[in-house]
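Trainee: The structure's right below; bear with me while I get my questions together.
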Amino acid sequence: MNKIKTISKYIRSLLILITVLHLFVYASILLFTDTSNTASQLSASYNVFSSFIEVSFKDSWQGFAQALSQEGFNTIIILGIAESLPYLFIYFFIFKLFGLYQQGIIFTYKNSFYIKCIGTSLLGWIGLSLFYPIIVTLVIRFTGQSKTLPMMINIGSTEIKYLIISLIIYAFAWIMKEAINLKSEQELVI
Amino acid sequence: MAIIIELDVMLAKRKMKLNDLALKVGITAQNLSVLKSGRAKAIRFTTLDAICEALQCNPGDILLFTENDK
């Protein structure tokens, strides 16, 4: 049990570090990068602690990012913040899960709930990546800032990969819940 | 549940306390309390055998079947 508590403590510290780094990189990009124009500036890269951290829209949002850039919008502000939100939710739920492990709470409904929340965050990310460009386009069009911005919806391999991962996480959470049910029933056998 | 546990009735008839029965049967008083209150999901034959031996009764004296109101 002590090993679990110690490992959980380290993982929680690591998660805090990753979250701070994540926010720091986005803040740095927003503050210090010239993101005013051109598709070539969509990928802003930073070398932080010898690792390569970047904000890029190479997959499903690439086309939309280019379209936004051509219309003169700041893609880092519009897409970057939305892209990092699901990550922050996932970090938060992993942090909470390991918080339970740190307290010695390993096999409860709450653990199952947090695992499910991680899966839900991933599903939310898929929903966001599908519908966020449409929402942004509609807002921009209705506010009259652009009339030529195209409506885009993309389903790529990343979305499918995340969908499979989130379904597997859901299955894990469900199996854990069933196992907890079995355990509590077993405890009521006299 | 259709099965009712009448352990408290038998304990009263034998003028025995729950803790004494728990000691004789060899299970904790908490577990016996779970059985008495009807929260138990199942009972082992070995436990039932030990309870019957301690209370000098038959399983039917402790377990009672009633029709479920549906």
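Just so it is clear, none of the values below were taken in a lab; they were calculated from the coordinates. Because the structure is predicted, anything quoted here is derived from the model rather than measured. With ideal geometry, Cβ positions are generated from the backbone for all residues, glycine too; neighbour counts draw on all protein chains shown.
Trainee: What distance in nm lies between label points placed 7 Å from Cα along the C-beta direction at A:Thr143 and A:Ser28?
Mentor: According to this spin-label approximation, the distance is 2.9 nm.
Trainee: If you don't mind, another one. Less than 18 Å apart at the alpha-carbon level, and either on another chain or at least 8 residues along: which lysines does that give for B:Lys36?
Mentor: B:Lys13, B:Lys15, B:Lys17, B:Lys24
Trainee: Give me the inter-chain shielding for B:31-39: mean count of other chain Cβ atoms within 10 Å, whole number please.
Mentor: That average works out to 2.
Trainee: What FRET efficiency, computed as 1/(1 + (r/R0)^6) with R0 = 25 Å and r the Cβ-Cβ distance, is obtained for B:Asn68 and B:Thr28, rounded to the nearest 0.05?
Mentor: Here the calculated transfer efficiency is 0.25.
Trainee: Restricting to Cα pairs below 8 Å that are 6+ residues apart, what does the relative contact order work out to for chain A? Please round to a whole percent.
Mentor: So the answer I get is 23 percent.
Trainee: Mind checking which helices in chain A clear 15 Å along their axis (Cα) and have mean Kyte-Doolittle hydropathy of -0.5 or more, DSSP H runs only?
Mentor: A:2-32, A:81-102, A:109-142, A:157-187
Trainee: Let me ask you something else. List, in order, the whole-Hz ³J(HN,Hα) value for each residue of the stretch B:25-37 obtained from phi through the Karplus relation with A = 6.51, B = -1.76, C = 1.60 and θ = phi - 60°; use x for Gly and Pro.
Mentor: Running phi through 6.51 cos²θ - 1.76 cosθ + 1.60 with θ = phi - 60° gives 7, x, 10, 6, 5, 5, 5, 5, 5, 4, 5, 5, 7 Hz.
Trainee: I need to check one value: relative contact order of the stretch A:77-188, counting alpha carbon pairs closer than 8 Å and at least 6 residues apart, in percent.
Mentor: For the stretch A:77-188, the relative contact order is 32 percent.
Trainee: Same structure again: Report the number of Lys pairs in chain A whose alpha-carbons are under 25 Å apart, with separation of 8 or more residues or on distinct chains.
Mentor: 27
Trainee: Taking the Cα centre of chain A as the origin, how large is its charge dipole in debye, to the nearest 20, when only Lys and Arg (+1) and Asp and Glu (-1) carry charge on their Cβ atoms?
Mentor: With Lys and Arg at +1 and Asp and Glu at -1, about 520 debye.
Trainee: Modelling each spin label as a point 7 Å along the Cα-to-Cβ direction, I'd like the A:Leu17/B:Lys41 distance in nm, to one decimal.
Mentor: 4.2 nm
Trainee: Within the stretch A:100-130, name every residue whose backbone N is under 16 Å away from a label modeled 7 Å from Cα of A:Lys5 along the Cβ vector.
Mentor: Of the residues in the stretch A:100-130, A:100-107 have backbone N under 16 Å from the label point off A:Lys5.
Trainee: Let me ask something else about it. From the Cα gyration tensor of chain B, with a ≥ b ≥ c the square roots of its eigenvalues, which class applies: rounded if a/c is under 1.5, or else prolate if a/b is larger than b/c, or else oblate?
Mentor: Prolate is the answer for chain B, as a/c is 1.5 or above and a/b outweighs b/c.
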